[in-house]
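J.: One structure, as structure tokens, below. Some questions next.
The values are calculated or read from the model by the stated rules, or taken from the named source; none is laboratory data. Being a predicted model, the structure only gives us computed values, none of them experimental. Because the Cβ atoms are built from the backbone with ideal geometry, glycine has one as well, and the counts that use them run over all protein chains shown.
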Amino acid sequence: MTSNSRSHSGETGQSSHPADRFRPTPVTDSDTGSAADRYAVAKAIAETLSTTLGPNGLDKMLIDRSGTVIVTNTGATVLDGLEIDAPTGQVVRSAIDTQASRIGDGSTTMALLVGELLTTARDLIESGLHPASVIKGYLAAAQLANQYVTTASTPVSQSDTDRLTNVAVTAITGRWDDTAAVNLASIAVEALKRLEFDPAGLTLHAYPGGGVTDAEHIDGILIDTDTSSTDSESQEVHSQGEQSQTVTAPNIALVDGEITQAALSKPATVSVSDPDTLTEIRSHEQQSRDSRLESITAADVDVVVCQQAIDDELRTALDHHGVVSLARTRRDEFDAIAQATGADSVADVTELHAGRVGTADTVRHRTIGSTPVVEFTGLPEEHHASVVIRGGTDHVAEETRRIVGDCIQNLRQTVHGDGVVPGGGATWMAAACHVAEHAQSMSDRSQIACEAFADSLKIIPRTLAHNAGADPLTIMSALAARHDAGDTDAGVSATGAVKRMVKSNVVEPAAVISGCLSTAVETTTMVVRIDDVLDAEKLDSTVGVNNAHTDDHDGHSHASDGEHGGYPWALSH
Ligand code: ADP
Ligand code: MG
């Protein structure tokens, strides 16, 4: 969930806001959150996101109430920017959030699937099928579909760079030309390889300026001196643009406290009447500075990373001795550098000695665009990797970062999950055929729901065809013919033609599909189980319990202005 405002106050009368279509229809006496309303919200969310699916997906521009603009193609990010108050809308949102947090990618797919499964369920119930049969059929179908995905997936080893690059390209295609996509995909694969495909040690940095081809992988920690409060003494770098300064095989000291003169505990004024006393104070200060400098140089330190401030004159002195100093380093970065370089951090420089310093292959100070950064590479103790993403503007850089984030999650799921399956809707189509075939052997009415579930899975290839500008009917019948003939990897290519996806290198993690299936069926059966949406305020007045719950004179009910914000609340049974 995001921090965007979902308050209900002061929003009436702003009916032109796009998010308004996700508000619940006002509840009337005769219609307390009808089933039609519940299903319509899920459908509206799916329709909004459907144009963003796949390599030809369009972007959404989100403008929040403070005027901040985000341009994105990622389903979860679009939903984060929308205010959805309708109860069913919130259930759909939580399904999409679950996919985004557990699996990473596939949030648009999830929205489409939930929308389609709920619309189908509504049609089945309206045509007379009991909700219990719908639920039974859906659960059986999801199990069959998941079984299919497991058997269709192929494991991918960490060393299979080509296959992993294909997975990464599939996650990012449609944005850039093939060369740029492959370049970005290879950077993501390389960065993760060093971390055994555990993204926990990977940091993504996005900077405006430069193009997508300027992205790079840094085998180590990158500290952004603009976003962290780190500043450094390397004046040349700040003044001379894209220059860099490199220290090779440095000894690195980590100082957790300040490196300054001892501060007085209270503000005080010292009056000096005699020049000799002043000279004495100055020489004492100099001695204390010299002793700190001496502690640093005696430990043969080349780089000092300090968590707090460093005395200005001492920094100048350090610079003269060729020691690079970084002050006010962010706590998380400080700890990461300490761990990765093997340094034992000290509270005061006087505690420094050779045994407590760490090391790295290089420490490089440079600027990326206009941002000064410091890179620690070749770290002996713990692997860290950083990926630097560039984009013409802030919006492009940030969206590129989101896409590369999805790509990294897909790589993790591929290696640590169940491997890959054909993309381009091929696996959804094949799973649909598998489910429909098995549904025939079911003897009760849930068979109808099971078959309808199979049909709903085709929403993914159908939307991919639509977004590619092809005629969905023609493509879907061609696709069905290919699957009937046994081509289980026939899918919809980026040009809107039916092609073999594995041969076209369009593969995606099986976990994205099985994650979608499991969460989507849980969500839809939960909504189907809901018999009524009850409005607490309306109930109070109908049942005549007003007096029991009100203590103010106008008979205003607590239930309506409490934590539920006055909106109908879903009760399941
Ligand atoms: P999601 O948020 O669900 O990940 P995307 O917009 O990333 O949505 O689209 C993912 C879908 O696009 C997947 O079904 C994937 O197989 C398909 N896809 C990606 N690249 C290609 C391609 N080159 N050709 C065909 N389909 C592709
Ligand atoms: Mg995606």
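J.: Of these, L473, L464, which one is crowded, with 20+ Cβ neighbours inside 10 Å and of a type in the set (A, V, I, L, M, F, W, C)? Steps first, answer last, please.
T.: Working: L473 fails: crowded, with 20+ Cβ neighbours inside 10 Å.
The unique qualifying residue is L464.
J.: Shifting gears a bit: Out of curiosity, is A510 surrounded by 21 or more Cβ atoms within 10 Å (Cβ to Cβ), more than 15 Å from ligand 1 (Cβ to nearest atom) and in contact (Cβ under 8 Å) with a residue 24 or more places away in the chain?
T.: Working: surrounded by 21 or more Cβ atoms within 10 Å (Cβ to Cβ): yes; more than 15 Å from ligand 1 (Cβ to nearest atom): no; in contact (Cβ under 8 Å) with a residue 24 or more places away in the chain: yes.
So A510 does not fit the description; no.
J.: Kindly provide the set of residues from the stretch 378-427 that are over 24 Å from N183 (Cβ atoms) and either of a type in the set (D, E) or under 19 Å from the mean Cα position of the chain (by Cα) (or both), ordered by number.
T.: Scanning the stretch 378-427 gives E381, E382, H416, G417, D418.
J.: Another question, if that's okay. Output the number of residues of the stretch 351-377 satisfying the condition of being out of contact with any Gly (no Cβ under 7 Å at 6 or more places or on another chain), modelled with pLDDT of 85 or more and aliphatic (A, V, I, L, M).
T.: Going through the stretch 351-377 one residue at a time, the tally reaches 5.
J.: Given the conditions (1) touching a helix residue (DSSP H, G or I) at 6+ places or on another chain (Cβ under 7 Å); (2) assigned to a loop (DSSP other than H, G, I, E, B), report the number of the one that R462 does not fulfil.
T.: For R462, the exception is condition (2).
J.: Checking the conditions here, which among A76, A95 is more than 10 Å from ligand 1 (Cβ to nearest atom) and within 20 Å of P509 (Cα to Cα)? Steps first, answer last, please.
T.: Details: A76 fails: more than 10 Å from ligand 1 (Cβ to nearest atom).
Every option except A95 fails the conditions.
J.: Do any strands (runs of 3 or more DSSP E) entirely within the stretch 331-413 hold 1 or more residues that are of a type in the set (V, I, T) and more than 19 Å from A191 (Cα to Cα), and if so, which?
T.: Working: elements: 362-368, 371-377, 385-391.
Per the criteria, 362-368, 371-377.
J.: Restricting attention to the stretch 81-126, report how many residues are hydroxyl-bearing (S, T, Y) and surrounded by fewer than 24 Cβ atoms within 10 Å (Cβ to Cβ).
T.: Residues that pass the stated criteria total 5.
J.: Checking A432 against (1) away from ligand 1 (no atom under 12 Å from the Cβ); (2) in a loop (DSSP other than H, G, I, E, B), only one condition comes out false. Which one?
T.: All conditions pass for A432, except number (2).
J.: Follow-up question, since we're still on this one. Grab the helices (runs of 4 or more DSSP H) fully contained in the stretch 79-194, keeping just those with 3 or more residues being charged (D, E, K, R).
T.: Numbers: elements: 87-102, 107-126, 131-152, 161-172, 178-193.
Those helices (runs of 4 or more DSSP H) span 87-102, 107-126, 178-193.
J.: Here is a follow-up. Among the numbered criteria (1) surrounded by fewer than 20 Cβ atoms within 10 Å (Cβ to Cβ); (2) modelled with pLDDT under 75, which single criterion is violated by L58?
T.: (2)
J.: Taking the criterion of being of a type outside the set (F, W, Y) and under 17 Å from S446 (Cα atoms), would at least one residue in the stretch 154-172 satisfy it? Give the steps one after another, and end with the answer.
T.: Going through the stretch 154-172, the residues of a type outside the set (F, W, Y) turn out to be 154-172.
Next, from what is left, pick out any that are under 17 Å from S446 (Cα atoms): none.
No.
J.: What pairs come up if the first residue lies in the stretch 192-209 and is hydroxyl-bearing (S, T, Y), the second is in a strand (DSSP E or B) and surrounded by fewer than 18 Cβ atoms within 10 Å (Cβ to Cβ), and their beta carbons are under 7 Å apart, counting only those six or more places apart or on different chains?
T.: Pairs that qualify, where the first residue is hydroxyl-bearing (S, T, Y) and the partner is in a strand (DSSP E or B) and surrounded by fewer than 18 Cβ atoms within 10 Å (Cβ to Cβ), are Y207/T371.
J.: Right, next: Which residue, of V421, V415, is under 22 Å from V502 (Cα atoms) and in contact with a Ser or Thr (Cβ under 6 Å, 6 or more places away or on another chain)?
T.: Numbers: V415 fails: in contact with a Ser or Thr (Cβ under 6 Å, 6 or more places away or on another chain).
After applying the criteria, what remains is V421.
J.: Right, T359: touching a Ser or Thr at 6+ places or on another chain (Cβ under 7 Å) and within 30 Å of D394 (Cα to Cα) or not?
T.: no
J.: What residue, of I448, I513, I475, is in a helix (DSSP H, G or I) and over 24 Å from A142 (Cβ atoms)? Let's see the steps before the verdict.
T.: Values: I448 fails: over 24 Å from A142 (Cβ atoms); I513 fails: over 24 Å from A142 (Cβ atoms).
After ruling out the rest, the residue left standing is I475.
J.: For the stretch 409-437, give me the residue count where each residue is within 16 Å of ligand 2 (Cβ to nearest atom) and either among the basic types (K, R) or buried (at least 24 other Cβ atoms within 10 Å of the Cβ) (or both). Give the steps one after another, and end with the answer.
T.: Step one: filter the stretch 409-437 for residues within 16 Å of ligand 2 (Cβ to nearest atom), giving 409-414, 417, 420-428.
From what's left, either among the basic types (K, R) or buried (at least 24 other Cβ atoms within 10 Å of the Cβ) (or both): 410-414, 420-428.
Within the stretch 409-437, residues that are within 16 Å of ligand 2 (Cβ to nearest atom) and either among the basic types (K, R) or buried (at least 24 other Cβ atoms within 10 Å of the Cβ) (or both) number 14.
J.: If you go through the stretch 53-66 one residue at a time, do you hit one that is touching a Lys or Arg at 6+ places or on another chain (Cβ under 9 Å) and of a type in the set (G, A, S)?
T.: No: the stretch 53-66 contains no residue that is touching a Lys or Arg at 6+ places or on another chain (Cβ under 9 Å) and of a type in the set (G, A, S).
Conditions tested, residue by residue: (1) within 16 Å of ligand 2 (Cβ to nearest atom); (2) farther than 13 Å from K43 by Cα; (3) within 34 Å of the chain's Cα centre (by Cα).
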position	(1), (2), (3)
S94	no, yes, yes
L118	no, no, yes
D123	no, no, no
E126	no, yes, no
I135	no, yes, yes
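J.: Can you tell me how many residues within the stretch 63-78 are surrounded by 12 or more Cβ atoms within 10 Å (Cβ to Cβ) and without any contact (Cβ under 8 Å) to a residue 24 or more places away in the chain?
T.: Within the stretch 63-78, the first condition is being surrounded by 12 or more Cβ atoms within 10 Å (Cβ to Cβ), and the residues that meet it are 63-65, 70-78.
Next, only the ones that are without any contact (Cβ under 8 Å) to a residue 24 or more places away in the chain stay: 63.
Within the stretch 63-78, residues that are surrounded by 12 or more Cβ atoms within 10 Å (Cβ to Cβ) and without any contact (Cβ under 8 Å) to a residue 24 or more places away in the chain number 1.
Yes or no, residue by residue, for (1) charged (D, E, K, R); (2) modelled with pLDDT of 90 or more; (3) away from ligand 1 (no atom under 16 Å from the Cβ):
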| residue | (1), (2), (3) |
| --- | --- |
| V91 | no, no, yes |
| M110 | no, yes, no |
| L124 | no, yes, yes |
| H130 | no, yes, yes |
| V134 | no, yes, yes |
| A142 | no, yes, yes |
| P155 | no, yes, yes |
| T165 | no, yes, no |
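J.: Just to be sure, is A206 modelled with pLDDT of 85 or more, part of a strand (DSSP E or B) and in contact with a Gly (Cβ under 9 Å, 6 or more places away or on another chain)?
T.: On the way: modelled with pLDDT of 85 or more: yes; part of a strand (DSSP E or B): yes; in contact with a Gly (Cβ under 9 Å, 6 or more places away or on another chain): yes.
Yes: the conditions hold for A206.
J.: Could you grab me the full set of residues in the stretch 143-190 that are within 19 Å of T488 (Cα to Cα) and within 16 Å of ligand 2 (Cβ to nearest atom)?
T.: Once the filter is applied, which keeps residues that are within 19 Å of T488 (Cα to Cα) and within 16 Å of ligand 2 (Cβ to nearest atom), the stretch 143-190 yields N166, V167, T170.
J.: Here's a follow-up. Which condition breaks for V272 when tested against (1) β-branched (V, I, T); (2) without any contact (Cβ under 8 Å) to a residue 60 or more places away in the chain; (3) within 30 Å of A200 (Cα to Cα); (4) part of a loop (DSSP other than H, G, I, E, B)?
T.: (3)
J.: Can you name every residue in the stretch 286-345 that is within 30 Å of S386 (Cα to Cα), surrounded by 14 or more Cβ atoms within 10 Å (Cβ to Cβ) and among the small types (G, A, S)?
T.: Residues satisfying the conditions are A299, A309, S325, A327, A336, A338, A340, G342, A343, S345.
J.: Looking only at the stretch 487-496, decide whether some residue is surrounded by fewer than 21 Cβ atoms within 10 Å (Cβ to Cβ), within 16 Å of ligand 2 (Cβ to nearest atom) and either among the polar types (S, T, N, Q) or outside any helix (DSSP H, G or I) (or both).
T.: Yes.
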